[in-house]
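For reference, the structure is listed below as structure tokens.
The values are calculated or read from the model by the stated rules, or taken from the named source; none is laboratory data. Quick caveat, the model's predicted, so the values are computed rather than measured. Heads up, the Cβs are rebuilt from the backbone with ideal geometry, glycines too, and the neighbour counts pull from every protein chain shown.
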Amino acid sequence: MNYKDLENIEYVYLEKIYEIQDNYLRLTFDRCKIEKDIDQINNDDELCTYGSFEVDYTLPLIQIDFDWYIGYSVLNECFTVRDNYEKFIGKTFRIYTKSRYLDFIKAGTIASVDYPGPFKHYGIVCLNHIIDVVSANEPIIKEIQRQNNNI
């Protein structure tokens, strides 16, 4: 499975984030579904549906490993803003070609196309968290079967 395979997934909760060893980042996500539509509002010329999100325990967890990264950031999604400056493909799982986080990495680190080589900005827009990872390595993606579907 590769990152592009996640392109159409819409709702996930961050289940766990940790480094399994120095500079090796592991992220796991629960896929979610809308249980009940609460409201639809027009937000900046887009129709948004708000509802009760529930983890879909019938689906496996998504595990994403970055075996080496340049930087990563986790934000509370309540403190993010829309920004037409940024360019990306994907919905929840994004690959950015232009972003403020890429600008930050380029201005605040020695990372370049020479060292460590060409790199990408991977973004995950979760329910409650926004995760940004910049890495020269492609992430390793697996589906992890749940031990008990009745959690």
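When 118, 139 are checked against the criterion of being touching an Asp or Glu at 6+ places or on another chain (Cβ under 7 Å) and either closer than 16 Å to residue 69 by Cβ or among the polar types (S, T, N, Q) (or both), a single residue qualifies: 139. Could you tell me whether the stretch 100-108 includes any residue that is surrounded by fewer than 13 Cβ atoms within 10 Å (Cβ to Cβ), modelled with pLDDT under 95 and among the aliphatic types (A, V, I, L, M)? No, the stretch 100-108 contains no residue that is surrounded by fewer than 13 Cβ atoms within 10 Å (Cβ to Cβ), modelled with pLDDT under 95 and among the aliphatic types (A, V, I, L, M).
Take residue 142 and decide whether it is part of a strand (DSSP E or B), closer than 23 Å to residue 10 by Cβ and touching a residue at least 12 places away in the same chain (Cβ under 8 Å).
Considered against the rule, which asks whether it is part of a strand (DSSP E or B), closer than 23 Å to residue 10 by Cβ and touching a residue at least 12 places away in the same chain (Cβ under 8 Å), residue 142 comes out as yes.
It is to be established whether one or more residues within the stretch 128-143 are modelled with pLDDT under 95 and surrounded by fewer than 16 Cβ atoms within 10 Å (Cβ to Cβ). Scanning the stretch 128-143 turns up at least one residue that is modelled with pLDDT under 95 and surrounded by fewer than 16 Cβ atoms within 10 Å (Cβ to Cβ). Restricting to the stretch 121-140, name every residue that is in contact with a Pro (Cβ under 7 Å, 6 or more places away or on another chain) and not aliphatic (A, V, I, L, M). Selection gives 122 alone.
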